[in-house]
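The values are calculated or read from the model by the stated rules, or taken from the named source; none is laboratory data. Remember, predicted model here, so these are calculated numbers, not experimental data. Counting neighbours? That spans all protein chains shown, and the Cβs are built from the backbone with ideal geometry, glycine included.
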Amino acid sequence: MPPARRPVGLVRRLGFRVPGCLAVPVLVLLLAGCTRSVPSADLVIINGAEPESLDPAILTGQADGRVALELFEGLTRYDPANAAPIPGLAERWDISPDGRIYTFHLRTNALWSTGEPITARDFVYSWLRVLNPDTASEYAGQLFYLENGEEYCTGKIKDPSRVGVKATDDRTLRVELKNPTPFFLDLCALQTLRVVPRQAIAKYGDRWLMARPVPCSGAYELVAWRVNDRIRLRKNRRYWDAAHTRCETVDLLPCTSANTALNLYATGAADVVWDKNLVPVELLDLLLKRPDFHSFPYLGTYFIRFNVTRRPFDQPRVRKAFALAIDKKRIVEKITKGGEQPASSYTPPGIPGYETPEGLGHEPPAARKLLAEAGFPDGRGFPSFQYLCDTTSHLHEQIAVELQDMWQRELGVHVEIRKMEWKTYLRAQGELDYDLCRSSWIGDYKDANTFLDMFMSNNGNNRTGWKNPRYDALLRAANAQLDRTKREKILQQAEILLVREEALIVPLYFYAGLEYHDEDRIKGIFPNLLDVHPIQAIYKVGRNSHAPPHARLAEPQPSAAETSSALAVPLPAPGP
Amino acid sequence: MTYLLKRLASLIPLVLVISFLAFEVMHLAPGGPFDRERAPVSEEIKRALAARYHLDEPVWKQYLRYLGLLREKTPAGKWRIVEGGLLKGDFGPSMQYRNHTVTDIIAQGLPVSLWLGAMAFCFATGLGIPLGFLTAVRKGNWQGYAGSFLALLVICVPALVIGPMLIMVFSIQWRWFPVALWGDAWHAVLPTLTLGLYFAGKISRLLREGMLTILHAHFITTARAKGLSETAVLLKHAFRLAVLPVVSYSGPLLADLLTGSFVVENIFQIPGIGVFMVNSVLNRDYTMVVGLVVLYAVLLLLLNLAVDFAYSLIDPRVKYYE
């Protein structure tokens, strides 16, 4: 038997003390080692979840879109005050009398941040890139309004030159649409339609945004993008309107914990927090009373979907009964509390040129009558069914419990609540594996079409099993209609069909946008329906701003319960 | 030495099995990386998206591709091995963060998590060991009770309570430390405490138990009978064996700490990889999940090996022979 190898010398002497005695000096050394000096930016904004992508063709989230809007410019851009489309890289445009042909004239001083001119060909490239099936852009539908756009994207035609976008020369872009699309200029400001650098993409592929420098066409250029740390933007000096860019450097911080966001803001580490999920729900009552918290109408609707392929929800009477039994006012006052408005229609109010029609209200007696007519007096004989909601926020569950109570009380039916983790929930919704399901939708542009077209029979977002030829025909007619008043009437008919006659969905409330910043220190942020706030317009008042007046919070203590709720899965923002 | 090499070699099949299981299990979970509230506009795009990330292939094929062992035909008609792959150290593209590769994300986040984890580990041992020693030696005294109470307290109160409490007191009331973010040494203090306190309590309890058991052993009585000083008895004879449970606990603990903590990274908005450990699963970012599982497995296995090695140094009864 060989002799045991015994630890010798230093090892032996230290052997038994190592962890205890060395730990403290090592800790001090490590602490001293973490110095990473990042010069502070002029403006620090907490932007919400970490962007999944900054590529305009690929991104889908709101936080992603807000960064991309700064880096890349479109033919039009958003007016900071009301999010209306104003001239961007196109200084002017002509529209043909039939509303189908747009001729955009690009600015002569449009340059990439790397110095090359931005031409009409760059736009053709960017748009065809979105439509190219190989790009696999989830938002390609925003370009289906182009002549042959859908056909090219779905592979029916292979020749991109047949798509309705052409550069007639370096400065002129001719766009041919399928139908007169009254909201086309709004679409031109959308991230998806913004111009991206061809050479960089050809050279670096998917990782083109990680190469430096990224040629940018917007008011800012990308200096650094560290995942979950920060995105640093610097003023693009070659931007055509650089004279009006106020802040030299801007940091966009990712953050998904509402308490952390509030703490950073309260101690002056962040100037603006502009994500509605970053307000601790438990403190909403208190915070909304403060002058630096701003709640405003937002282009989004929270609603319930019915699965019409399942009995008895295939009967409009039953669906209407369920809709009429809901007291929506109670939900916004008791649960959401962030300034949301109860909804009876699907399209939120405030869309220019569209008067939202009235849907179903709160009428329990009528609800009971309808249910009795359908063969379930006082809910007798009603089959057991489930309400599907996801676990991204406690709010969904609270609303589900409230609905359960209302339907039990008013209709005598008992609903079982089925909670699912986010992706499982989406899969169940997509496969029509539900009876009733909580849903929400955020509009992309200010037109009723962004809400209504999803319930057309063949739309992937329909997810109810509902196919209604009359509804499809109405929407097609509306989008072929040149006269705005007539178009509005047709869209209203479609919406009434959707929420009143068929009651396919029950809109519960219209979203409210929430952001916080001190209006005395930060100027240039305006509430608007799309919740877009071009950073170019934002500036600080006063030089020395490290001890902000809002630094003291009335109630900064996040309790354990609040923390756990703030730690819940970051809500994937549904679209930009 | 041969023993060490043998152990190291045995890790490779183990990591492969783990990565395979992670890959399979992730694909079994309902929903996929591209299921969103808003559906891709057409079936064609859905298909293109799946094809781009090879999600349309059978899972075994995807796994071979992930490892970098798959042979496929090029458009030119030649057979060749696919590019990249885990075996060449390439974790593949992230399906959620489409501009980044998993290697990019780990390369950015891991140093932060390693640094913070190492600090928390030093803090936990630096506080836990003396505390455990003290509570065992002073058992029955007020110091013993106070120490035990403290250790139990930090074990019972989870990080998601301690973190906000520390922030409330030290950042918001007294303004000593920043409330969140990562940067200089000041930023690291509160996260280190939040992360390390629980483990300090745990280590102190382990050491205390160990000490109390050992102090009743015969060889301690013998040592005392020989007339050794109490310090020598405690430090040279008792502590050395009592610390063994702490050492074996340190391996998995260190692996845990070094790969980041979801809770602490969330509370302090720290750009580590702990957040991805949870979120990548929720988002079905297949490549990222498997990448992180492999990383964690390798760390855990290596640190366990290190623990076994440390055992042989500390405890004369443990030897690894051929």
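Residues that are touching a strand residue (DSSP E or B) at 6+ places or on another chain (Cβ under 6 Å), at pLDDT 95 or above and away from chain B (no Cβ under 14 Å), at least 1 per element: which helices (runs of 4 or more DSSP H) completely within segment A:310-425 meet that? Spell out how you get there, then give the answer.
Working: elements: A:316-324, A:328-331, A:364-373, A:394-411.
By residue number, A:316-324, A:328-331, A:394-411.
If a residue must be within 14 Å of chain B (Cβ to nearest Cβ), free of Cβ contacts under 8 Å to residues at least 24 places away in the same chain and either over 25 Å from the mean Cα position of the chain (by Cα) or outside any helix (DSSP H, G or I) (or both), how many such residues does segment A:158-212 contain?
6
So which residues in segment A:93-145 are within 20 Å of A:P180 (Cβ to Cβ), free of Cβ contacts under 8 Å to residues at least 12 places away in the same chain and among the acidic types (D, E)?
Within segment A:93-145, A:D94 is the sole residue that qualifies.
Is it the case that some residue within segment B:264-282 is away from chain A (no Cβ under 11 Å), in contact (Cβ under 8 Å) with a residue 40 or more places away in the chain and in contact with a Gly (Cβ under 6 Å, 6 or more places away or on another chain)? Lay out the reasoning, then the answer.
Taking segment B:264-282 first, the residues away from chain A (no Cβ under 11 Å) are B:277, B:280.
Right, trim to in contact (Cβ under 8 Å) with a residue 40 or more places away in the chain and you get B:280.
Those still in the list that are in contact with a Gly (Cβ under 6 Å, 6 or more places away or on another chain) too: none.
No, every residue in segment B:264-282 fails to be away from chain A (no Cβ under 11 Å), in contact (Cβ under 8 Å) with a residue 40 or more places away in the chain and in contact with a Gly (Cβ under 6 Å, 6 or more places away or on another chain).
With (1) assigned to a loop (DSSP other than H, G, I, E, B); (2) facing chain B (nearest Cβ under 9 Å); (3) in contact with a helix residue (DSSP H, G or I) (Cβ under 7 Å, 6 or more places away or on another chain) as the list, and A:W441 as the residue in question, which single condition is left unmet?
A:W441 satisfies all of (1) assigned to a loop (DSSP other than H, G, I, E, B); (2) facing chain B (nearest Cβ under 9 Å); (3) in contact with a helix residue (DSSP H, G or I) (Cβ under 7 Å, 6 or more places away or on another chain) except (1).
Quickly run through segment B:267-322 and pick out the residues that are in contact with a Phe, Trp or Tyr (Cβ under 6 Å, 6 or more places away or on another chain) and among the aromatic types (F, W, Y).
B:Y320
In the list A:A63, A:A90, A:A68, which residue meets the criterion of being in contact (Cβ under 8 Å) with a residue 60 or more places away in the chain, in contact with a helix residue (DSSP H, G or I) (Cβ under 9 Å, 6 or more places away or on another chain), under 30 Å from A:T256 (Cβ atoms) and not charged (D, E, K, R)? Full working, then the answer.
On the way: A:A63 fails: in contact with a helix residue (DSSP H, G or I) (Cβ under 9 Å, 6 or more places away or on another chain); A:A90 fails: under 30 Å from A:T256 (Cβ atoms).
The unique qualifying residue is A:A68.
Look at segment B:59-103 and say how many of its residues are free of Cβ contacts under 8 Å to residues at least 40 places away in the same chain, part of a loop (DSSP other than H, G, I, E, B) and either touching a His at 6+ places or on another chain (Cβ under 8 Å) or of a type outside the set (S, T, Y) (or both).
Of the residues in segment B:59-103, 16 are free of Cβ contacts under 8 Å to residues at least 40 places away in the same chain, part of a loop (DSSP other than H, G, I, E, B) and either touching a His at 6+ places or on another chain (Cβ under 8 Å) or of a type outside the set (S, T, Y) (or both).
Which residue is farthest from A:F144 (Cα to Cα), if the candidates are limited to segment A:450-486 and must be buried (at least 18 other Cβ atoms within 10 Å of the Cβ), more than 14 Å from chain B (Cβ to nearest Cβ) and in contact (Cβ under 8 Å) with a residue 60 or more places away in the chain?
A:W466
Tell me, which residue of segment A:449-465 that is part of a helix (DSSP H, G or I) and over 15 Å from A:P507 (Cα atoms) is nearest to the chain's Cα centre (by Cα)? Full working, then the answer.
To start, the set of residues in segment A:449-465 that are part of a helix (DSSP H, G or I) comprises A:449-455.
Within this subset, residues satisfying the condition of being over 15 Å from A:P507 (Cα atoms) are A:449-450, A:453.
Numbers: A:N449: 17, A:T450: 13, A:D453: 18 Å.
Checked segment A:449-465; the qualifying residue nearest to the chain's Cα centre (by Cα) is A:T450.
Taking the stated definitions as given, is B:R138 farther than 30 Å from B:V293 by Cβ, touching a helix residue (DSSP H, G or I) at 6+ places or on another chain (Cβ under 7 Å) and of a type outside the set (G, A, S)?
yes
Among the residues of segment B:131-142, which ones are surrounded by fewer than 19 Cβ atoms within 10 Å (Cβ to Cβ) and either within 11 Å of chain A (Cβ to nearest Cβ) or of a type in the set (V, I, T) (or both)? Give the steps one after another, and end with the answer.
Pass one, segment B:131-142, residues surrounded by fewer than 19 Cβ atoms within 10 Å (Cβ to Cβ): B:138-142.
If the condition is that a residue be surrounded by fewer than 19 Cβ atoms within 10 Å (Cβ to Cβ) and either within 11 Å of chain A (Cβ to nearest Cβ) or of a type in the set (V, I, T) (or both), then no residue fits.
Would you mention how many residues in segment A:68-102 are outside any strand (DSSP E or B) and among the hydrophobic types (A, V, I, L, M, F, W, C)? Before you say what the answer is, go through the steps one by one.
First pass over segment A:68-102, keeping only residues outside any strand (DSSP E or B): A:68-75, A:79-84, A:88-89, A:96-100.
Right, trim to among the hydrophobic types (A, V, I, L, M, F, W, C) and you get A:68-69, A:71-72, A:75, A:81, A:83-84, A:89.
Residues in segment A:68-102 being outside any strand (DSSP E or B) and among the hydrophobic types (A, V, I, L, M, F, W, C): 9 in total.
Given (1) of a type in the set (A, V, I, L, M); (2) within 9 Å of chain A (Cβ to nearest Cβ); (3) surrounded by fewer than 18 Cβ atoms within 10 Å (Cβ to Cβ), identify the lone condition not met by B:A118.
All conditions are met except number (3).
Taking segment B:216-249 only, how many residues are part of a helix (DSSP H, G or I), free of Cβ contacts under 8 Å to residues at least 12 places away in the same chain, more than 14 Å from chain A (Cβ to nearest Cβ) and small (G, A, S)?
Counting residues in segment B:216-249 that are part of a helix (DSSP H, G or I), free of Cβ contacts under 8 Å to residues at least 12 places away in the same chain, more than 14 Å from chain A (Cβ to nearest Cβ) and small (G, A, S) gives 1.
Would you check which residues across segment A:96-148 are among the acidic types (D, E) and either out of contact with any helix residue (DSSP H, G or I) (no Cβ under 7 Å at 6 or more places or on another chain) or farther than 24 Å from A:Y220 by Cβ (or both) and list them? Spell out the reasoning first.
First, the residues of segment A:96-148 that are among the acidic types (D, E): A:98, A:116, A:122, A:134, A:138, A:147.
Selection gives A:D98, A:E116, A:D134, A:E138, A:E147.
If you scan segment B:33-47, which residues turn out to be within 7 Å of chain A (Cβ to nearest Cβ) and either within 37 Å of the chain's Cα centre (by Cα) or not aliphatic (A, V, I, L, M) (or both)?
The initial filter retains those residues of segment B:33-47 that are within 7 Å of chain A (Cβ to nearest Cβ), namely B:35-42, B:44-45.
Of everything in segment B:33-47, those that are within 7 Å of chain A (Cβ to nearest Cβ) and either within 37 Å of the chain's Cα centre (by Cα) or not aliphatic (A, V, I, L, M) (or both) turn out to be B:D35, B:R36, B:E37, B:R38, B:A39, B:P40, B:S42, B:E44.
For the list (1) free of Cβ contacts under 8 Å to residues at least 12 places away in the same chain; (2) farther than 30 Å from A:G443 by Cα; (3) within 30 Å of the chain's Cα centre (by Cα), I need the number of the one condition that B:D56 fails.
(3)
Check A:R234, A:R246 and return the single one that is farther than 17 Å from B:I105 by Cα and without any contact (Cβ under 8 Å) to a residue 24 or more places away in the chain.
Details: A:R246 fails: without any contact (Cβ under 8 Å) to a residue 24 or more places away in the chain.
Every option except A:R234 fails the conditions.
Return the residue satisfying two criteria in turn: it lies in segment A:228-265 and is among the small types (G, A, S) and surrounded by fewer than 24 Cβ atoms within 10 Å (Cβ to Cβ), and of such residues it is farthest from the chain's Cα centre (by Cα).
Narrowing segment A:228-265 to residues among the small types (G, A, S): A:242-243, A:257-258, A:261.
If we keep only those that are surrounded by fewer than 24 Cβ atoms within 10 Å (Cβ to Cβ) too, we end up with A:242-243.
Working: A:A242: 27, A:A243: 30 Å.
Here the answer is A:A243.
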